[in-house]
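Engineer: Submitted below is the structure of interest, expressed as structure tokens.
The values are calculated or read from the model by the stated rules, or taken from the named source; none is laboratory data. Computed from a prediction, not measured in an experiment: that's the story for all the values here. Neighbour counts are summed over all protein chains in view; Cβ atoms, including those assigned to glycine, are modelled from backbone coordinates with ideal geometry.
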Amino acid sequence: MLTAKSMILRGSSLSDRIFSSPLSKATRSALDAPRPEPAGAPLRVTISRPISGGMVLTALPIKPKGPSMGRPSALGASTDSSKSFEIIRIPDRSRSLRITRLFRDIAKDCKTVGIAGTHTARALGIVPLLEKEGKTIYDHWQFKIGTPEELKCRKNQMTADLFLSSVNALTMTGEIVNREGCGNRTNSMTFGPAKVMLVVGRNKIVPDLDAAIARIEETAAPIRARSLNRKTPCVQTGHCMDCDSPERICRITSIIHRQPIFTKITVGILDEELGY
């Protein structure tokens, strides 16, 4: 069992795999292959798992030879604070009182709250909590998919005071990566809501963009397609087949590299593995 691991992350450009969606073996080979070193300073990220449980991420930038250009460090922390995501720690579900206080504080100045199709945030009991606080909740899971009421709810999420979601993957080099079919989740993350809160289980943290796409194709997307009873090849194979099925759910890939200009994103790292 992994107790401590130290890596040098040099950041990689997005692979053509996003568009060609190769199969699992090809993805694994690409991840294992050596990568050219791009310009810019690498990061030394140490992952430690204390005996008491949980996970600690420590990022130390390795000093570049040239002048600094505000290069991001692990999980989005940047030398330019206007570009970075705010990172907070969310305790595990055994500490429900602390979670309640945290989300009450986050939503205290919000009247409307949109929630994406996220199992992670829902598992924390956030939706009933905010309903009890008198917030108007825009939850499209309350309606039959494709109905006018459901579509209106999805659109309302994009203008809510607060938008709650999770992510498909969060890289240690500072990118938020998602893939979906409709677009309301990725749209709401980047423009519209006054505040965005992303709840991320520690199982969704990956080294870089290549690993993020691999996680989506080999874990998140097949599980989600299965939960929706979709008749797609990945439900049978357990990994992306880049299918042309009319029931395909992987139609949009979004990568958030920096804080959007008009939207404040807060990333909450949950101190347990949760969601897919």
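Engineer: Considering the range 231-276 alone, what residues qualify as being aliphatic (A, V, I, L, M) and either more than 22 Å from Thr120 (Cβ to Cβ) or not in a strand (DSSP E or B) (or both)?
Structural biologist: Once the filter is applied, which keeps residues that are aliphatic (A, V, I, L, M) and either more than 22 Å from Thr120 (Cβ to Cβ) or not in a strand (DSSP E or B) (or both), the range 231-276 yields Val235, Met241, Ile249, Ile261, Leu274.
Engineer: Return the only residue of Pro222, Pro193, Pro246 being within 17 Å of Glu180 (Cβ to Cβ), of a type outside the set (Phe, Trp, Tyr) and surrounded by fewer than 19 Cβ atoms within 10 Å (Cβ to Cβ).
Structural biologist: None of the others qualify; the one that does is Pro246.
Engineer: Condition first: among the β-branched types (Val, Ile, Thr), within 18 Å of Ser165 (Cβ to Cβ) and assigned to a strand (DSSP E or B). Can you find one or more residues in the range 207-222 that meet it?
Structural biologist: No.
Engineer: Mind checking which strands (runs of 3 or more DSSP E) fall wholly inside the range 151-206 and carry at least 1 residues that are in contact (Cβ under 8 Å) with a residue 24 or more places away in the chain, within 13 Å of Gly114 (Cβ to Cβ) and more than 11 Å from the chain's Cα centre (by Cα)?
Structural biologist: Passing ranges, in order: 162-165, 195-201.
Engineer: Do we find that Ala169 is touching a strand residue (DSSP E or B) at 6+ places or on another chain (Cβ under 9 Å), crowded, with 23+ Cβ neighbours inside 10 Å and not β-branched (Val, Ile, Thr) in this structure?
Structural biologist: yes
Engineer: Additional query: Can you pull out the residues in the range 131-150 that are without any contact (Cβ under 8 Å) to a residue 40 or more places away in the chain, farther than 20 Å from Lys264 by Cα and either among the β-branched types (Val, Ile, Thr) or crowded, with 22+ Cβ neighbours inside 10 Å (or both)?
Structural biologist: Thr136, Ile145, Thr147
Engineer: Please determine, by comparing only the residues of the range 159-175 that are more than 22 Å from Ser227 (Cβ to Cβ) and of a type in the set (Val, Ile, Thr), which one is modelled with the lowest pLDDT.
Structural biologist: Among those that are more than 22 Å from Ser227 (Cβ to Cβ) and of a type in the set (Val, Ile, Thr), it is Thr173.
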